[in-house]
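Right, one structure below, let's go through it.
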Amino acid sequence: MTGISIQNITKRFSHTVALNSVSLEIPQGSIYGLLGPNGAGKTTCIRILTQILQPDSGTITLYNKNLEPDDITKFGYLPEERGLYKQMYVGEQIMYFASLKGMSKIEAKQECNFWLQKFNIEQWKHKKAGELSKGMQQKIQFICAIIHKPEILILDEPFSGFDPINADIIKQEILQLKKLGTTIILSTHNMNSVEELCDSIALINASEKIIEGSVSAIKKQFAKNIYSITFSGYYDKFLATLTTSYKILEQIQNNGETTILIELTEEIPTNNLLTHIMTCGNIIDFSQIIPNMHDIFIDVVKNSQSTKLHE
Amino acid sequence: MNKIRLIFIRECSVRLRKRSYILMSILGPLLLAAIVVIPLLLKKIDKNTVKQVAIIDETYILGETIKNFENYRFTIIQDTTLEDFRKHYKASGYDAVVFIPKNIYSSNACIIYSHVWIDNALKAYIGYVLRRDLEYMALLKEKVTIETIKRVSTPVFVGVQKWTKEGEYIDEEISMTKKSNIAMIAAIIIYLFVFMYGVMVLRGVIEEKTGRVVEILVSSVKPFQLMAGKIIGIGTVGLIQFIVWIVLTFSIVYGAQVVLFPETYTPTPLPELQDSLGNNNHSLLQLQSDTNVDYAINLFQAIDGVNWTIMLSSFVFFFIFGYLLYASLFAAIGAFIDNDSETQQFVIPVTIPLMLTLFLLGNIVANPSGDIALWLSFIPFTSPIAMMARLPFGVPYWHVLLSACILILTCLISIILSAKLYRTGILLYGKKIRLQTIISILMKN
C-alpha cells in the first residue's frame, strides 16, 4: 500500500530548477532510499515532504489524502545538517523537541527516559549538549527525531559521524522501527546501507527522477549477462560449441579446474547455459554477477549526465 | 499558539537562568544606584571634613565679611604677601587660600589657590559675598545708606507655571532640570533595552542557524511561530530585567537614603543670602546647577515627584513596540547570517536611527516642542526614544496617539516582511546577501 505519493512536484529557486516534475511512490511500512549525487534535489524533496518548503506545483498525498499542515506531527526528521542547543540540558532538549511534535509533558518524559536508557546514556540527561561528543550528540538527535513515534521517519545521512558500532546500533533501531510499521525515507550516499536496509529506492539526478523501484527489481534490471563459472572438463569444447556470441572477461586454470568470467552478448535462458556446460564437464560453481547499488548508482548518474550533454 | 508558547517558554527559561543575565540583573541596579548614591555619599564625607581656608586680603576690608561656610573655615592672614604665603603653604596646613587683590575694585576678580579640588559651592559663595560687598561699597560711595540698600535689595525668583492651551493651571512640581534628567534617563534606558534585547534576538537566530538546529525546528513549527516565540520570549526576559532594575534601583536608593541620609537631603543655603531670599531657594540651586553632585541631588529629588504611572506605562508601550520593530528587523537579518563575525556589519546600519536619536537627545530635551523633537517622535524608528524624552515635559495627547499608531502600524509591516525574509533566510547557507535577493523574496507571494 502506498504511504506517500508525490505527483509531479516542481520547485524553483530564482532561476534554478531544484525539482522538475518529480513523482515518487513510497510504500507504507517500508524503507525507501532516496539517492542521488550532491545537488540533485534530494534535500529539496525532503524539505517539501516535511512542509518546510512549499512546491511550486504538484501534489503530495499521505495515505491517499492530501498532505495537511497538521500532518507535520506524523513526521520525524533527522536532517543532514543537524545540531542541538549547546547550552541546553540533554533531557530538557529531548522533551522540548517532543513537545513541539505535540507530545504531552508526561509522555515526553517517559519516552525520553526510555530512549536514554535504551542507548545507555541516561547519565547524560542532566549534562549540557555542548559537553557531549559528536557521536553522543548524534544519538540525542536521533532520539529527538523518533521520540514522538512518527508514522513517517525521514533520515538524511543518519550514519554520518557514527563509529561502526554505533552505526550498527542505529541500523538495528531503523529496522526495528520498520517492523513496528514506520515508513522510513533514507537519504544517503552510503550504498552498503542502502543494500542492507532499503526495500525500494528512487534515484534523483539533476532535479529529475531517473529510476524508481524495489532494490531487487532494479538490480535485476541493471544486471548484465555476466556469469562466473567454475568447471572441470573440456574448456575448448565449451567455447567452440557455445551457440551464442560471448566475451571472456577473465580466465583462470588451476589443477584441471577452469574458472571463467563470461559475458553473453545475447540473452539466453540460464538453464540452457547450464545444460551446455554439463555436456562439456562437471560444474563446480555457477553464479550470475549481479551489480551492487554502488555500480548502479555510478552507471545511472553517468548515463544520465552524458544523455543530458548530448541533448 | 501552543507552539509559540513552547518556544516562548524555552527562550525565557534558558535566558532567565543564564549566569550573565542574573549577574546583569543585580549589577545593573547596583551601578545605577551607585550613580545616585556615591556622589551624595562623597558629598556627605566631604561635608564632615573641615577645610581650612586662608584669606589674604589686600583691601583690608572685603575679607572681613567672609564667614565660615559649610565645612570651610576661613582665617584672615595678616601682614603677609601671596608670594610669602606660597613659600610656606605646605607648613601652614591650609587647604586653600583666597587672594583678594587690591585692584579688585577695577578688575572684579579674585583667585582661590589650592592643591585640592575647589567645589563650585565655595566659588559661588565667595563670588556672591564679594559681589554683594562691592555693590554695597559702590552704592555707599553714591551716598546711598545701608538701610536703603537693604530695603531695595530685592532678589527676584523666576518661576514657571504650566497651563493648558485653554489656560487652565496644571499642578506641576517638578522643575525643568529634574524633567530633563528623567527624560534623559528614560530615553537612554529605552535605547539600551531595545538595542540590547534586539541584538539578543539576532544572536538567538544566528545561534539556531549556525548550530544547525533550525531545520529540525522548522520541520515541527512554522518559521513565523519560531520567530514570534523567540521575539516575545526575549522581550519578556528584557521586560523582567527592566522591572528588576527599577525595583532594585529604587530599593537600593531609598535604602541608602534611610541608612546614609536619614534627613532628606537639601542643599545648605548660602548663609548671607538665606534671609533675603526667604523661601525661594530655587535660585540657590541655579547657582550650583552645573555640578555633578547637583545632578545626583536633582535625580534624587525627582524620584519623589514624577508621575511614575504615566512614565512607566509609556515606557512599557514604547519599549514593547520599539523592541518588536527592531527585534523583527534583527530576526530577518540574523536569518541571513552564517557566522558571528558578520554580525557587527549588519547591526550598525540598523541601529543608526537609534544612535542618531541618542545623539540628538540633548536637542530634544532642550526643546521638547521643537521641530527635531516633533519629527523624531513621529518617525517609528526613532519615536520610542524621542517620545520618551519628550513625555516628561508634557506632550499633546494627539502627538502621543499619532506616534503610537505609526509605531504599531510600522511594527506590523515590519513583522510581516521580516517573517518572509526569515522563512527563506534560515535555510540559506553560504550565500551572500544581495539587495536583489531580498527584494525578490519580499515580492514573492
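The values are calculated or read from the model by the stated rules, or taken from the named source; none is laboratory data. Values in this document were obtained by computation on a predicted structure and should not be read as measured data. All Cβ positions, even for glycine, are placed from backbone atoms using ideal geometry, and neighbour counts span all protein chains on display.
Remarks
- Count of residues meeting criterion [within 11 Å of chain B (Cβ to nearest Cβ) and without any contact (Cβ under 8 Å) to a residue 24 or more places away in the chain] in the range A:98-119: 3
- Some residue of the range A:30-37 being in contact (Cβ under 8 Å) with a residue 24 or more places away in the chain and in contact with an Asp or Glu (Cβ under 6 Å, 6 or more places away or on another chain): yes
- Helices (runs of 4 or more DSSP H) wholly inside the range B:224-333 that include at least 3 residues being at pLDDT 85 or above: none
This table checks each residue for (1) under 16 Å from B:Ile188 (Cβ atoms); (2) over 23 Å from the mean Cα position of the chain (by Cα); (3) crowded, with 22+ Cβ neighbours inside 10 Å.
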site	(1), (2), (3)
B:Ile333	no, yes, yes
B:Asn339	no, yes, no
B:Pro353	yes, no, no
B:Asp371	no, no, no
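- Hey, B:Tyr94 exposed (fewer than 15 other Cβ atoms within 10 Å of the Cβ) and not assigned by TED's automatic domain parsing to the domain that holds B:Val244 or not: no
- Residue satisfying all of: in the range A:120-137; more than 12 Å from chain B (Cβ to nearest Cβ) and assigned to a helix (DSSP H, G or I); surrounded by the most Cβ atoms within 10 Å (Cβ to Cβ) among these: A:Trp124
- Under the condition of being over 18 Å from the mean Cα position of the chain (by Cα) and within 12 Å of chain B (Cβ to nearest Cβ), the residues counted in the range A:146-157 number 3.
- Yes/no for B:Ile56 being assigned by TED's automatic domain parsing to the domain that holds B:Leu134 and buried (at least 18 other Cβ atoms within 10 Å of the Cβ): yes
- Selection status of A:Lys11, basic (Lys, Arg) and within 9 Å of chain B (Cβ to nearest Cβ): no
- Just so you know, in the range A:73-94 the residues that are crowded, with 22+ Cβ neighbours inside 10 Å, among the hydrophobic types (A, V, I, L, M, F, W, C) and not in a strand (DSSP E or B) include one that is farthest from the other protein chains (Cβ to nearest Cβ), and it is A:Val90.
- Test: residue in the range A:218-233 that is surrounded by fewer than 17 Cβ atoms within 10 Å (Cβ to Cβ), of a type in the set (Gly, Ala, Ser) and within 30 Å of A:Glu25 (Cα to Cα): yes
- Being in the same structural domain as A:Leu155 (by TED's automatic domain parsing) and within 13 Å of A:Thr183 (Cα to Cα) is a description that applies to A:Gly33.
- Restricting the range A:269-285 to residues that are among the hydrophobic types (A, V, I, L, M, F, W, C) and either outside the structural domain of A:Gln253 (by TED's automatic domain parsing) or exposed (fewer than 14 other Cβ atoms within 10 Å of the Cβ) (or both), the residue that is modelled with the highest pLDDT: A:Ile284
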